[in-house]
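Asker: Structure incoming, see below.
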Amino acid sequence: MVTRTGTRRWREGAVVAAAFVICLLGGTVRVENTLTPPTAAAYLVAVVSCAVLPPRHRKPLAVLAVTTAAGLVAQPLGLVLSPPVIAPALVAAYACALGVPGERRAVGAVSLSAVVLAASVPLSGDLSWRDAGRMGTVAAAPLVAWLVGQAVRTRRAYLAAVEERARRAEESREREARRRVAEERVRIARELHDLVAHQITLANAQATVAAHFFDSRPEQTRASLRELVETTGHALDELRAAVGLLRQTGDTAAPDGPAPGLDRLPDLLQSFRRAGLEVSVREEGAARTVPPGVDLTAYRIVQEALTNVTKHAGGRTARVGLTWSSVRLTVSVADDGGTPAGPPALSDRPAGHGLIGMRERAAAVGGELTAGRRPDGGFLVSARLPLPPARATAHGFDTTDEEGRMPEASDAGRPGDETAGEVT
């Protein structure tokens, strides 16, 4: 701050000194084109007109009026009115271009100053061709100074606009980077939630089965423990792959496997069957290749819904439905809500963010998800996921209805009932 203030003072001093020297030199010119030493009148005009220059940035119009008045008295004092004599007025005209708000106001003030100065030239006597030339130069000089100031002002405004655009672009990039980081964090958190909720729930269910049959059915207990070891092994592998996404660029990359999809649905259902949940599958319509995002979303919704049945539902039976149409895939998971015949259910678990995560997944691919209690008992989760337009193939045409609804989809509870089934 001190350095900037000192530089500004030196610059102001240099401008005032230069205007004083030029004005004083202009006072040495005589009508006969001869030069004489500066007179007292020349010093008076130079001192008066230059003394008011420092505040020109704050009051440019007032400074222009004073310097113009000083130029008007130059000829009555025996000086030749010329552009060097009115150098302070030119500096004031330049300041008007920079500091006066409104271009018309500044042009009007500078034009008035030029006209007044030019009109005072023939006051010394008869108008000669030399006087006409000086009138033209005296009138043009303030206007030229204003044009130079206007060009500088335009340049400064352009540079300021460029800097502002660069600043806004940088802020926009930072906001976009933060948004992308937040989206990635949510995505990884969702993947970890699905992984932990599924695998740990299965492991807990298998451990519960083993504890329930520990004394009465040792063989069933040993089978449940073997499945528990296998489930925890799979959980560790998937957890290691998910955490590998958080590695830095220079870290050793973990081997990435393909994202799960509907082709791995049989293995998923079998893992739930081993945990004691009876799962049946019903598929309608002609199955076809789906986009990777929809494929992963459908798999995760089935996984999360069955995990919720295992953890919270009182029944031990669930039905998975896949309905294919030309424009969408409808995925539904329903449980019977009955009384379990085997080990106690895990319904005492607190509610989590399962439905929220499933809705977010469905919305991310342009679909929608509904969930609620069924009138005849149990709970239903139904997701409608969009598909690209299908074409006729050698296997025939898709014959399902346009909406692709499951019969149970109409049983979904009203929006007010969804909170009753909000599960992990």
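All of the numbers you see were taken from the coordinates with simple rules; none came from a lab. Bear in mind the structure is a predicted one, so any value in this text is a computation, not a measurement. Cβ atoms come from the backbone with ideal geometry, glycine included; neighbour counts cover every protein chain shown.
Asker: Highest mean first, how do 176-189, 369-382 rank when packing is the count of other Cβ atoms within 10 Å averaged over residues?
Answerer: The densest-packed peptide leads the list: 369-382, 176-189.
Asker: Now for a different question. Over segment 2-169, what relative contact order in percent results from Cα pairs under 8 Å that are six or more residues apart?
Answerer: After rounding, I find 21 percent.
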